[in-house]
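The values are calculated or read from the model by the stated rules, or taken from the named source; none is laboratory data. What you see is a predicted model, and the numbers here were worked out from it, not measured in a lab. Methodologically, a virtual Cβ is constructed for each residue, glycine included, from the backbone with ideal geometry; neighbour enumeration extends over all protein chains shown.
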Amino acid sequence: MRPLDLDELEAPEEVEVLEPEEDFEQFLLPVIHEMREDIAALTREHGRAYMRTRSKLWEMDNMLIQIKTQVEASEESALNHAERPGGEADERVSELCEKAEEKAREIAKMAEMLVELVWRRERSEAS
């Protein structure tokens, strides 16, 4: 290789320097507008996520009310059957009570699972 001769080098290309106002309008304003749009979109999505969570909680609350109503109806049914005359009523009452208790345990377990699900969802959305 031969040594580099300074006369052979081309003069560097001149770069146009913009005034601060032009620089701001041309480069920074579009970026600022995009950031504002992103912030607005994120804010809207946050509101939608909150409403979805509230809607799910409302659905779960309604489901728990329905389950409670069913349990109360089962209890009333068991008490009505208990009023039958004879020994058949005693057997039927204990059978119905066992079923009502089993149903109550299942409902309590479902309620715990629903509450845990809501807590997990809220924690994941908060992250």
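Here are a few things to note about the model shown:
- Segment 1-19, subset within 51 Å of the chain's Cα centre (by Cα) and modelled with pLDDT under 70, residue surrounded by the fewest Cβ atoms within 10 Å (Cβ to Cβ): Val17
- Test: residue in segment 58-66 that is more than 30 Å from Glu106 (Cβ to Cβ) and hydrophobic (A, V, I, L, M, F, W, C): no
So that you can scan it fast, the table gives a plain yes or no per residue for (1) in contact with a strand residue (DSSP E or B) (Cβ under 9 Å, 6 or more places away or on another chain); (2) surrounded by 11 or more Cβ atoms within 10 Å (Cβ to Cβ); (3) modelled with pLDDT under 85; (4) among the polar types (S, T, N, Q):
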site	(1), (2), (3), (4)
Asp38	no, no, no, no
Arg48	no, no, no, no
Gly87	no, no, yes, no
Val118	no, yes, yes, no
Arg121	no, yes, yes, no
Ser124	no, no, yes, yes
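- Condition met for Arg54 (closer than 30 Å to Ala126 by Cα and modelled with pLDDT of 80 or more): yes
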